[in-house]
Amino acid sequence: MKLIFTIALRNLFRHKGKSLVIGIILFLGAFIMTIGNGIITGLNSGLQENIVNKFTGDIVLISEKQESNAVIISMMGKPIEMINNYTLIKKLLQGLPYIDKYIPLAQGTAMLLNEDGEPDFNFLLGVNFEEYQKMFGNLKVIEGRLPKVGERGLLLTDMNRKTNYEYLLNAWVIPPNTKVVTSNFSQEAKLSFEQHKLKIIDSMIFMGMNEKNSALDIKPSIIGVIKFKALNSFFGYLNLIDIESFRECFGYVTAQDSASSLDKDKSKLLAMESENLDDLFSDKQLFVQEKVNQNDYSLNNLQTKLEKKVTTNINLDNGTYNQVYIKLKPGTKLDNAVKKLNISLKKNNLGVKAITWKQALGEMADMATVIKVALFVFVMFIFFVAIIIIMNTLSMAALERIPEIGMMRAIGARKSFVALMFFYETLFMSLVFGGAGIVVGAIVIKILSLMNITTTNEMIQLVFGGDKFHPFLTVMDFVLCAIQLLIVTVIATIYPILVASRIKPLDAINRD
């Protein structure tokens, strides 16, 4: 064994030119594979951090009646099937050991109306603000503030504000009782402001959309203008609104509706037959004159009483939702969790099904997967190009060394000896040059990570897995690079070894 290794090492120094060519190819191949693995790992981590942890969770629950699984990003505007039994679902989720956190919410497409009654689409996400922020913590306020506990209103995204200004409202929206922040203007709004033509408003009217035509127009208080901390270009179309206002807008059952109860007199009135109702209104003394303090029924007082009634002592879980986002405990495998959860949901007849965040995300997840696959294919392309070049170079080297190999065969060297000699030559170059490629690749990945590269381009954000480029390598990535390098070495030497093994002593004489 030592003899073979010594001869192989001597041959490498004897044929320095070809050894250097093969070494450079191995170095570049290992370097590019390392860079590619670092980018792919960074993409996976970025998607996990910026989508799963900050927007969707690992699993999404939707109604079994829901036809399309793509409920998070659906540009068709079709209403999502409702979930009316969240309290039962919550009771089940609380008892499952692999589930960490969960939050119910509702998403829908509303019509935003301008002064002339002209509509345009806006997406609303109905949430419990406090629970949503605890679950994801992805909101950055640029104007106004975050809602207080139990407060009703709207968090308008900066992206929607700019779009609405340009295409529908022709007015710049700000939260009530706040000043205009000129640094947040779009280019069009800035130009209009400089010309003293910009119209400022602090309220908007939304008209809900559902299949039963039971939706209402609402005018929510604009509490603040926000951006999402990551992937704002993708998720910035989602305005956040309190869940009760969402339910009113879309004709859902509100928690207030569920909490309401009729007293005995009202129940008796509703149970009366029609002829008895006629008798009820036939009494001449039905109407009496009474002094009323008009101040008690002013618009401001009524509005204050209504807000207190809606936001106090109401269990929001009793109303209607259309999605539930779930985060799994660390180390839980997603596919296994989805399978087990669906079995539990089916067993309890809860009328909902569990899907992965990628299924719920739809086209955006597909785009991310395509980019990830493209990166992997590129790495594999480099992988196979390296194999072909090394194979051809080694084959040519074997043919040029026919006299040397033939002489070795003439003095008793077996085919296995020649084969191992070629394999050790390539293995040695792989260890030296390939190992150097991995080390240099790891250093470059570290430098790229420390450069803190950011982008606002939506497609590049998918490559980055967020707005920041953060490639990195794990221990498994180094193991993968080593395995890839070993595979290159083994495959690249198969044909050259066959060529060298077929050389006979007579070939050496004929070549001379």
Can you name the residue in region 316-366 that is over 15 Å from GLU81 (Cα atoms) and of a type in the set (Gly, Ala, Ser) and, of all such residues, is farthest from the chain's Cα centre (by Cα)? SER344
Exactly one of GLY412, GLY465 is modelled with pLDDT under 80, under 45 Å from the mean Cα position of the chain (by Cα) and over 19 Å from PHE478 (Cα atoms), and that residue is GLY465
Number of the exception - ALA442 against (1) touching a residue at least 24 places away in the same chain (Cβ under 8 Å); (2) loosely packed, with under 14 Cβ neighbours inside 10 Å; (3) hydrophobic (A, V, I, L, M, F, W, C): (2)
Identify the residue in region 59-115 that is part of a strand (DSSP E or B) and of a type in the set (Gly, Ala, Ser) and, among all such residues, is nearest to GLY137 (Cα to Cα). ALA106
Tell me, please, whether a residue that is free of Cβ contacts under 8 Å to residues at least 12 places away in the same chain, over 30 Å from ALA171 (Cβ atoms) and outside the structural domain of MET204 (by TED's automatic domain parsing) can be found in region 89-112. no
For GLY412: the one exception among (1) over 30 Å from LEU61 (Cα atoms); (2) touching a residue at least 40 places away in the same chain (Cβ under 8 Å); (3) assigned to a loop (DSSP other than H, G, I, E, B): (2)
Checking LEU420, LEU350 in turn, the sole residue that is aliphatic (A, V, I, L, M) and outside any helix (DSSP H, G or I) turns out to be LEU350
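The values are calculated or read from the model by the stated rules, or taken from the named source; none is laboratory data. Note that this is a predicted model, so its numbers are computed, not measured. Virtual Cβ from ideal backbone geometry, glycine too; neighbours counted across all protein chains shown.
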